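The values are calculated or read from the model by the stated rules, or taken from the named source; none is laboratory data. These figures come from a predicted structure and were not determined experimentally. Cβ: placed from backbone, ideal geometry, glycine included. Neighbour counts: every protein chain shown. These area figures cover heavy atoms from the full protein model, side chains too; ligands, DNA and RNA do not enter into them. Shrake-Rupley method; radii C 1.70, N 1.55, O 1.52, S 1.80 Å.
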Amino acid sequence: MDKIETTQILKNLNTALAHAKDRFTHEFIMQEVILNDTFKISFRNYLFAKDCNVEYFDKTTVVKNSTGQQIYIANQWFAIASYFVDFCTEMLTYRALFVKICKLMGMDAKTMKEYATRLKTLSTEEDKVSFVNVAMQMLKNDFPGREDEYKNVAGYLWKFASDYKWWAGNKTIDRHDFYISALLNQMNVVNNNSEFLAIIVNSYASNLKLRLLAENVENFTIGIKVNTYKYYDEVQQDEGFVSDSPLYINETPKKNAGISISAASLERFQSKGL
């Protein structure tokens, strides 16, 4: 298993989105996809824990959900989903931290929904000050000794809660399905027909074994072809917007030293025993 690096509390979600879109655009080649046995076993185990079954064919997969309904999946979906695993991993962690902030403020599910809606549509400077103060205290308690990061991370969380354009969001973040439209819009697919594609990304971002496999499409497929691009390690994004400029150059990439997962995301995986 690759080394896991945790170099920061939380990644910049806007930058993670920009990397995902650019890598998908420049690297992915549409083709038939064959899954390897390591992935098939890991994905089967993930589904089994959710009372679902799966049957694999050469280039197609059939999932039977907990109510007995069958979902027919072209294996290209598993490859496409992998390009957005880092973005989704961070999205789910951002939401987990938002929920924690709301609980520290004494909110229940109903008031959290109202709060999320207000922050999305009509947040105030007073909202920002109180939110950031609670976020800073939470970060100090959960990630001691990283004082140089608290302000930036609290700012990221505030942008997540109040500026949905920053991370291409739509549904309010109190909802468990908030991530679906944000992912499908980046993949340029029809939402009504492709919701399970976003659910596949969620499975990668919710299970550490799948997360590690999905870090690179060549880890879990057989004979797949990709365009080779190397992304710039340091990317500065204009605040509030995802850059349309290339983050990659057309050359053979260097081998990654290890899987980079933010400290907060790794803690989320570990808290679930994943």
Return the total of residues in region 87-107 being open to solvent by 10 Å² or more (accessible area, probe 1.4 Å) and either on the phi < 0 side of the Ramachandran plot or β-branched (V, I, T) (or both).
10
Every pair of residues 6+ apart whose Cβ atoms lie under 7 Å, when the first sits in region 2-21 and is free of Cβ contacts under 8 Å to residues at least 12 places away in the same chain while the second is open to solvent by 10 Å² or more (accessible area, probe 1.4 Å):
none
Give region 113-158 a look and list any residue that's under 26 Å from L266 (Cβ atoms) and crowded, with 19+ Cβ neighbours inside 10 Å, or say none.
A116, F131, A135, M138, L139, V153, A154, Y156, L157, W158
I want to confirm something. Restricting to region 109-150 and keeping residues that are more than 24 Å from the chain's Cα centre (by Cα) and assigned to a loop (DSSP other than H, G, I, E, B), which single residue is nearest to D174 (Cα to Cα)?
S123
